[in-house]
Amino acid sequence: MPPGRGRDEEFAAFMAAAVPSLGRTAWLLCGDTHQADELVQQALVRTYLAWDRAREGEPLAYARRVLANQRVSTWRRRRREVLLAPPQLPDRGVDDGQDVHADRDQLVRALALLTVRQRRVVVLRHLEGLSEKEVAADLGVSLGTVKSTASRALRQLRDAMNDHDDDAAPAAGAQAGGLR
């Protein structure tokens, strides 16, 4: 720890840097802005309580794992999810074109079809940009589990996205999507 910085100041600096990333991850995991805010708060509280252990390794990975585990616990208690499109996607600037909104809506609906484990792997691996090893470490599963889960989830997402394209004319930017 740098001289003159206390535990609270160190955690406050971490929190200021981590909240945007944790907020995006939380929203992608649950699809609701208010639930995502609650998940981030709960993850930060738990990370603070274990700060001495969390800061020894990668504190952001620790907080992300707490967030993902908290999401699963919430889901198990409710046993029912309703994903709602937020008024705006948190913390990521994009063009305001209709095709972007249509693509995002289509992706959110497709993500809602995945199991909780599949959604966690896809969000961490493909939307947060973590490596397969990092996802495995964050979720406490083997590398093979991450690979097989991601493969099945991406196949299911492709099928869902293709089914949607068959039902309606594709949006102008849909052909450039990264899930095809």
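Read-outs: derived from the displayed coordinates by stated rules, not from any lab. Small disclaimer: the values here were computed from a predicted structure and weren't measured. Cβ: placed from backbone, ideal geometry, glycine included. Neighbour counts: every protein chain shown.
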Legend entry - Under the Karplus curve 6.51 cos²θ - 1.76 cosθ + 1.60, θ = phi - 60°, whole-Hz ³J(HN,Hα) for the range 8-24, x wherever Gly or Pro sits: 5, 5, 5, 5, 4, 5, 4, 4, 4, 7, 8, 4, x, 5, 5, x, 4
Inset, instruction - Evaluate E = 1/(1 + (r/R0)^6) for R109 and K133, where r is the Cβ-Cβ distance and R0 equals 30 Å; express this FRET efficiency to the nearest 0.05. - result: 0.50
Legend entry - Cα-projected label distance for V72 with A12, points at 7 Å along beta-carbon direction, nm: 3.4 nm
Inset, instruction - Take the Cβ-Cβ distance between K147 and R53 as r, set R0 to 22 Å, and report the resulting FRET efficiency rounded to the nearest 0.05. - result: 0.15
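In percent, how large is the relative contact order of the range 1-70, given Cα pairs closer than 8 Å and 6 or more residues apart?
On the way: 45 pairs, mean separation 22.8, N = 70.
Dividing the mean separation by the residue count of the range 1-70 yields 33 percent.
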